[in-house]
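Structure record follows, encoded as C-alpha cells.
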Amino acid sequence: MDGFRFACQPGCTVCCDREGRVYLTEDDLSRAAAWLGMSRDDFEARYVVRTRHTLRLRKPRRRQCHFLQNGGCAIHPVKPVQCRLFPFWPELVERPTAWRRTAQWCPGIGQGPLIQIGQAHEVAAEMRRAYPRLYEPR
C-alpha cells in the first residue's frame, strides 16, 4: 500500500453503531462533561465505567452509545480520541488485511485524498499515547 484514503461520509454513523467499547482519556471525560454542562463526577457516574486501568463509556441497552442520535453524535465537537482517530487505529493501519476488512463496512474508507503511510502511522501513534494500557504487550 502507498497510503490510505478515508473521508467521513455525510450522515454516516456506521462506525458508531458497531459492537465494541469506546475508551476515554481523562481529558475526554472532562471535555464531554463540560460540553453537556455536567460536573465530571456526574458525567462519570452516569456515562462511564472506570476500571483499574481504563475508562470507557457505559453502553445503554440495545444501543452502542448514549450519544449516538439520529442526527449523529451529540458530543461530536468533543468526541473521544478513539472516535476522532477512527479508522487510523494501530490495529488497522499496521495490518492491511484489517484495513480491507474494515473497508467492507465503512463507506468512508477508499474516499477522500491519499494519506501517506507515515502520516497514518503518526495518527495511530496518537491512539497509542492516548490509551497506552490498550496497546501494552501482553
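The values are calculated or read from the model by the stated rules, or taken from the named source; none is laboratory data. The model shown is predicted, which means the values in this text are computed figures rather than measured ones. Cβ coordinates were reconstructed from backbone atoms using ideal geometry, including for glycine residues, and neighbour counts include every protein chain displayed.
Taking only region 91-130 into account, find how many residues are acidic (Asp, Glu) and over 22 Å from Thr54 (Cβ atoms).
Going through region 91-130 one residue at a time, the tally reaches 1.
The single residue among Ala125, Ala98 that is out of contact with any Asp or Glu (no Cβ under 8 Å at 6 or more places or on another chain) and either surrounded by 13 or more Cβ atoms within 10 Å (Cβ to Cβ) or within 15 Å of Arg18 (Cα to Cα) (or both) turns out to be Ala125.
The residue pairs whose first member lies in region 1-28 and is within 25 Å of Ser39 (Cβ to Cβ), whose second member is modelled with pLDDT of 95 or more and among the polar types (S, T, N, Q), and whose beta carbons are closer than 7 Å, counting only pairs six or more residues apart or on different chains, are Val22/Gln82; Tyr23/Gln82.
Restricting region 3-61 to residues that are hydroxyl-bearing (Ser, Thr, Tyr) and buried (at least 17 other Cβ atoms within 10 Å of the Cβ) leaves a set whose member that is farthest from Gln116 (Cα to Cα) is Tyr47.
Among the residues of region 64-87, those identified as surrounded by fewer than 17 Cβ atoms within 10 Å (Cβ to Cβ), in contact (Cβ under 8 Å) with a residue 24 or more places away in the chain and of a type outside the set (A, V, I, L, M, F, W, C) are Gly72, Pro77.
Please report, ordered by residue number, the helices (runs of 4 or more DSSP H) entirely within region 46-138 with at least 2 residues that are at pLDDT 95 or above and out of contact with any Phe, Trp or Tyr (no Cβ under 7 Å at 6 or more places or on another chain).
By residue number, 81-85, 96-103, 117-130.
Residue pairs whose Cβ atoms lie under 7 Å apart, separated by 6 or more positions or on different chains, with the first residue in region 90-110 and farther than 18 Å from Tyr135 by Cα and the second of a type in the set (Ser, Thr, Tyr) and in a helix (DSSP H, G or I), are Ile109/Thr102.
If the condition is being over 19 Å from Arg101 (Cβ atoms) and either over 16 Å from the mean Cα position of the chain (by Cα) or not in a helix (DSSP H, G or I) (or both), then region 9-35 contributes Pro10, Gly11, Thr13, Val22, Tyr23, Leu24, Thr25, Ser30, Ala33, Ala34, Trp35.
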